[in-house]
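Working notes for the structure below.
The values are calculated or read from the model by the stated rules, or taken from the named source; none is laboratory data. Everything numeric here is computed off the predicted structure, so don't read it as measured data. Heads up, the Cβs are rebuilt from the backbone with ideal geometry, glycines too, and the neighbour counts pull from every protein chain shown. Quick note on the areas: whole protein, heavy atoms, side chains included, nothing else; ligands and nucleic acids left out. Shrake-Rupley method; radii C 1.70, N 1.55, O 1.52, S 1.80 Å.
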Amino acid sequence: FKDEPTRACKGCGVKIVNPKMDFGCASYCQFAEQCVGDLPAELLAQRKDLFKDRVAVEMKRYFQYDFKRIGHATKVARYAERIVKQEGGDPAVVLSAAYLHDIGIAEAERKYGSAEAHDHHEQEGPPIARQILGRLKAPEALIDEVCAIIGQHHHPGREDTVNFKVVYDADLIVNLEERRKEASLDEGYPASSIDREFLTDGGRELARKVLFKEH
């Protein structure tokens, strides 16, 4: 039973899930079907959430009592999850990058005395994210893409991936929300700015709902 995801009871035939196995890798592993394909349907339906939940836990563990940044990352991930369903892309990459996009802030503050300079925490974030995802045994391709997104998440380019665009838009929505709460975002912020500043249709649609209460 050590290496088997399930085993049927010899007496009654009921299938029991191995409580000591970690199925988080099933959200991205190419061999997931062969490995966990005989799991109960209710667990299979949830397996895509397993890896993102582990990343979220690692993010919270890293930030410890910095509840502001934990809340920010959690909200970015929540919006990114909604946008990626509409835009396509890889949810494992998108949600990992969303949870970890600001993971370099604390190190930037320690080294430079400021996290406001975007280049600083974009520079410091990828090595930390690589360590976290490495501990979770994520594949190198996923780690590389997540780190690439983190390293430029405030600086879109000419040929960005769908995954990058989703994270960028989700982060932008949360940043605009926070600016509004801090009264630094003009109440007259035009809806037309959304068309210029956002990179995806899903991001624009969600921004209008969140910022302008359009339905």
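Key figures
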item: Qualifying residue in segment 83-102 (condition: farther than 17 Å from G151 by Cβ, more than 16 Å from the chain's Cα centre (by Cα) and open to solvent by 20 Å² or more (accessible area, probe 1.4 Å)); result: no
item: Check on A77, assigned to a loop (DSSP other than H, G, I, E, B) and surrounded by 23 or more Cβ atoms within 10 Å (Cβ to Cβ); result: no
item: Enumerated helices (runs of 4 or more DSSP H) restricted to segment 84-163, each holding at least 3 residues that are in contact (Cβ under 8 Å) with a residue 60 or more places away in the chain and under 26 Å from G202 (Cβ atoms); result: 91-100
item: Qualifying positions in segment 143-163 - over 18 Å from E124 (Cα atoms) and either open to solvent by less than 10 Å² (accessible area, probe 1.4 Å) or β-branched (V, I, T) (or both); result: T161, V162
item: Close pairs (6 angstrom Cβ cut-off, 6 or more residues apart or separate chains): over 26 Å from V84 (Cα atoms) in segment 166-187, at pLDDT 75 or above and exposed (fewer than 14 other Cβ atoms within 10 Å of the Cβ) anywhere; result: L185/R179
